[in-house]
Each structure stands twice: as C-alpha cells, then as structure tokens.
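Step one of this worksheet: look at the structure below.
The values are calculated or read from the model by the stated rules, or taken from the named source; none is laboratory data. Treat the numbers as computed from the prediction; the structure is a model and nothing was measured. Ideal geometry is used to build each Cβ from the backbone, glycine not excepted, and the neighbour counts take in all protein chains shown. Note: accessible area is taken over every heavy atom of the protein model, side chains too, but ligands, DNA and RNA are not part of it. Shrake-Rupley method; radii C 1.70, N 1.55, O 1.52, S 1.80 Å.
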Amino acid sequence: GPTLKPGETPVPTNTPEPTQAPIMANPTVWDFGMAPFTITDGDAVHPDTNYFPQNAADKERYDLKNTSINPENFGGLKHTTGSKPEGQYQKGGAEFEDGFKGTWQIKSNGGSFSFIPVVDGTVKVYAKHGSTDTTKPVDNVTIIQGTNSQKLQIAPGAAAPYKVLTMGVVAGQTVTISADQNTGYYAISYTSDKPVPTMPPATATPVPANDDYAITDTAIADNGIDVTVTYSGSEPAPGGILIAAKYDVNGALTDFKQGPPVNGAGTYTVEGFKPSADDNYRIYLWNSLDDIKPLCNAYINKSSIVSPTEPTTVPTEPTEAPSDPTKAPDPTQAPIDPDTEILWSFAGSGSIAGTIDLGSGLSFIGKSSSYDKGATVDEIKFENRIKLGGKSTFTAGKESRIFTFTPASAGTLTIYFVHGSPKDVASNTRNLIVYQGGDKPILTVPAAEVGKSASVNVAADAQVVIGSDDNIGFYGIRFTPTK
C-alpha cells in the first residue's frame, strides 16, 4: 500500500461519497406526551413547534410533516408520512391495559415509525383507532423486523379498549411500526435486559490484558461470521465474549452483534453479523460487557480512517484573548504548551444519553444526542462532532444537552460549532450559548451553515456551561489559560 508520512491520514480509494451512518437507538420510551416531543410553556404542555408547527385552522392541533421526527433529534426514531403528506399531533388522554397513561397522540394516516435497536429487546406500541365512528374498518397495527412480525387489531369507537402490541426484536435490524388506518400513537417503548456496550470507535486501539489470546482469522458464513481464536497461555483460558462491529468510512458504528462466550481456542460464530469482504469491520474479544477489558488485540478487516481518540493538541501560537469575543484566534504552526492548553475533540459513534466524561474535566449530558461526521474548521480537522439533538436545558438539576467544565485558571474558551440543519439557517436561527455564573449568558452567537468558531474569556474556579437554544453540532472545544 502507499507509504504515509507521520500524521498523514490515509484516504480511501474507489470509495463512494460517504453517507451518514444510521443512528442506533438505545433502550428508551418514546412518550409522545413528554420531552423531547413536547415542551412546557408555563403550566401548559404542547408539542415542540420547532418540529411540529401549530395547525393554522385548529390551534389545538399540530402538524406532523415527513421531516418532523428524525433519528438525529429523537434518539434514533424516525417517522415517515404515508399517502397523506401530513399527520396531526393532538391531545387525548388514554390509559392502557398495562397501566401506561398517554397524554398526547400522533395521528398518522398510513405513515410508519422505524428505528434500529442497539441490543436485543422488546418493543411495545401504545395505539388506538383514529376514529370514534364504530362503522369504520378495524385497524391493523403491525411491528415488522425482517421476517418476524406481530399484528394487533384495534376496533374504532370511543369506548374501544386501549391495547398494547408487543414483539421481541434483535439488534442491528430495522424495526418498522405501521397501521392501515388513521391511527393514534401515544408511545413506543423499547426495553432490554441486556447491557448496552460502549463500542470503541473504529480508530481505538485498546491495550489487551495479555497476549495469550489472539483472533487470527474470520470467514463469512451462511448465518454470520466465523471467528478463529487461538490461546497460548499456560494457565486455564479465561472466559470472554466476542463482539463484532462494523463502521462506515467516517468511523461511525453502523452495525454490531454480540457473539458467543469464548473459553479457549476454537472457531466461534457471531450469528447475524454478515459484512461484505470489503467492509470496515472489527472483531473484539472482551472479558465481559460490564468491564469491556480486551483479552487480545481486535481483529481489523479494514481500517480506512485514522483519528485521535484522546483530546488532541493543535498547533497554535499563544495569543492574547481576542477583543471581539465572537472571533477565534488565528491558528499558526507554532507548537502549543500541552501542560496549559486543552483541545477536546469527540471520538465516538451512535446515540448519547446521560452523562459522559470527555476527559480533562469536560463532561457532556446527552439527551437524544448523537455523534456525527466532522469537518475542518479554522484549519483544524475534526473527525467527529456531537449533535445536541434539540435545545439545551440549563435549569439546575434538570440539565441536558450541555457541556460543563470548571477552569482552574482564567483564560479563553473557543468553541467550534455548526447549525444542526444547515439548509434552514436562513429561516431558523440557532445560537451557541455559554454561561458562567449568573442567569445571563456570557456569549450568544448564531450558528452558521458551515463550521465556525467563537471565543469568550472565562474566569477561574467557576463552572462553564455550554449549550444552545436548538440542535447544533459541536466539533470541538478549546481552553487556553491566560499567560
């Protein structure tokens, strides 16, 4: 193959233009009466008009467009409209047979919901017939995944019971939920008793506990992929588990399967994992899904992406804090001081929920958030970005979709970001917002169609909170202490 210079990134040849990897869904409940689908204005709760515009003719209803529910903003869930271009979102209390109480319904006439489960689990659909007219046909609500399906008949009429449709699903295959009549959906539940593994990015090279185990070969089989494992240790072989993961050309996870337990040398089959010979896939041998400690080096079929997995130092010359807080310092080729300046870049894939540690004191609290492909901003190449997935909540005790850290000294904070829906920049302003103490932001800057940066001075020993008033993407964050 070609010889690479130090620090140079190999470029795939004969590779199609990269497309966005599908976002997998972690176990969750998509309750259409709760955030992020609805927002609270004072004492009133209603659908978020950023996604569901208020109906012009009936102010009690909201329009459901083909672009309203997308995986990026709603934790992997997508809605596609049917023969009618729009559905409607309306209020309607309902108590289902298992005790679930719904408050808002999405009425979808011939449309469908879909998502890709990240682990095996169970799906429940909470739905009712869309009509109170008892002369209307019975509605058939269906869950489909591959060749597996379950169907539930729902009768029309105000007195008809609110039923629940349930089906087991497997990881990595699209689940589709649809009906053949005007149907009111109150919630979709996806639960699992299996741990959700935190998959390493396609560029990660974790150090194995020892070199007694090795994965020496793979072969695509009829029902999955056969993995050849050897063991050369003198002690009894420790138990482990195989994990197969596939990545796109940007290093984003597109599929993974949990394999069988491993107890020494042999050929093990990871069922349901069937990449092509040219796919970028890896096979991992871990001690367990809880600890995720590698027992040997990962088997790499193809690695076309190289990116940092730790916060990266970027060449720049120390500068005074910019007088214009929205203008970033110009990067140059002078080396930075790694003991004082930090640049956080984000390596990962899939969706983000809850708090994650990004290293060096920076944390992110996700909610229907996700990793996505990066870009070059201010001559700095970022391999990934984190998309908030909606507007930030800054209220103490309820924080979500925010970055936080506390600087040990005064300095300059520089943030690299982009609008979450570039085609809507002209009609939908979305602002980067930074707080440090008090109830007024210290920085508010509109996001743009392409990546940009903004800087602001921050004080020592006071928490910095970074977020937005809507979905934007963050490529990186840099902190430069004052000299």
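Averaged per residue, what accessible surface does segment 346-472 expose to a 1.4 Å probe, in Å²?
Working: 5030 Å² over 127 residues.
On a per-residue basis, segment 346-472 sits at 40 Å².
Farthest toward the dipole's positive end in segment 433-483, which of S453, F474, Q436, given Cβ charges of +1 (Lys, Arg) and -1 (Asp, Glu) about the Cα centre?
The residue sitting most towards the positive pole is S453.
Given K101/K391; K163/K387; K107/K423, which pairs have Cα atoms separated by over 31 Å? Kindly include the intermediate steps, with their values, before the conclusion.
Values: K101/K391 26 Å; K163/K387 35 Å; K107/K423 27 Å.
Cα-Cα > 31 Å for K163/K387; rest within.
Output ³J(HN,Hα) for segment 268-278: one whole-Hz value per residue in order, computed from phi by the Karplus curve 6.51 cos²θ - 1.76 cosθ + 1.60 with θ = phi - 60°, and x for Gly and Pro.
Running phi through 6.51 cos²θ - 1.76 cosθ + 1.60 with θ = phi - 60° gives 10, 10, 8, 6, x, 9, 9, x, 7, 5, 9 Hz.
Loop-only GluC sites (Glu not before Pro) in segment 48-123, please: DSSP not H, G, I, E or B, and at most 12 other Cβ atoms within 10 Å. Write out the running numbers ahead of the final one.
Numbers: sites: E60, E72, E86, E95, E97; in loops: E60, E72, E86, E97.
Of the GluC sites (Glu not before Pro), the ones in loops of segment 48-123 whose Cβ has at most 12 other Cβ atoms within 10 Å are E60, E97.
Could you order peptides 259-267, 365-373 by the average number of other Cβ atoms within 10 Å of their residues, highest first? Walk me through the numbers on the way to the answer.
On the way: 259-267: 15.3, 365-373: 23.1.
Descending packing order for the listed peptides: 365-373, 259-267.
Note the per residue figure in Å³ for the convex hull of the C-alpha positions in segment 348-441. Before the final figure, lay out each step's value.
Details: hull volume 13.1 nm³, N = 94.
So the per-residue Cα hull volume is 139 Å³.
Expressed as a whole percentage, what fraction of the accessible surface of segment 394-483 belongs to carbon and sulfur atoms when a 1.4 Å probe is rolled over the protein heavy atoms?
Values: 1850 of 3620 Å².
The computed percentage sits at 51.
Each residue of segment 144-158 in turn: what ³J(HN,Hα) in whole Hz from Karplus with 6.51, -1.76, 1.60 and θ = phi - 60°, glycine and Pro shown as x?
10, 9, x, 8, 9, 7, 9, 10, 10, 8, 10, 7, x, x, 5
Under the rule of at least 5 residues apart or a separate chain, name every residue whose amide H is placed under 5 Å from the amide H of G272.
G224, I225
Once a ≥ b ≥ c are taken as the square roots of the eigenvalues of the Cα gyration tensor of segment 89-203, is the result rounded (a/c under 1.5), prolate (a/b larger than b/c) or oblate (a/b not larger than b/c)? Don't skip to the answer; put the middle values down first.
Numbers: a/c = 2.38, a/b = 2.00, b/c = 1.19.
Prolate, because a/c is 1.5 or more and a/b exceeds b/c.
Tabulate in residue order the Karplus-calculated ³J(HN,Hα) for segment 118-125, using 6.51 cos²θ - 1.76 cosθ + 1.60 with θ = phi - 60°, rounded to whole Hz; enter x for Gly and Pro.
7, 9, 4, x, 10, 10, 10, 10
Using modelled backbone amide H atoms (1.01 Å from N, in-plane), which distant-in-sequence or interchain residues come within less than 5 Å of D255's amide H?
Amide H to amide H, under 5 Å and 5 or more residues apart or across chains, D255 pairs with K246.
Please sort 229-237, 114-122 by packing, taking for each peptide the average over its residues of neighbouring beta carbons within 10 angstrom, highest first. Numbers along the way, then the final one.
Details: 229-237: 13.1, 114-122: 20.9.
Those peptides, ordered most packed to least, come out 114-122, 229-237.
Under the rule of at least 5 residues apart or a separate chain, name every residue whose amide H is placed under 5 Å from the amide H of A214.
For A214, the qualifying residues are T230.
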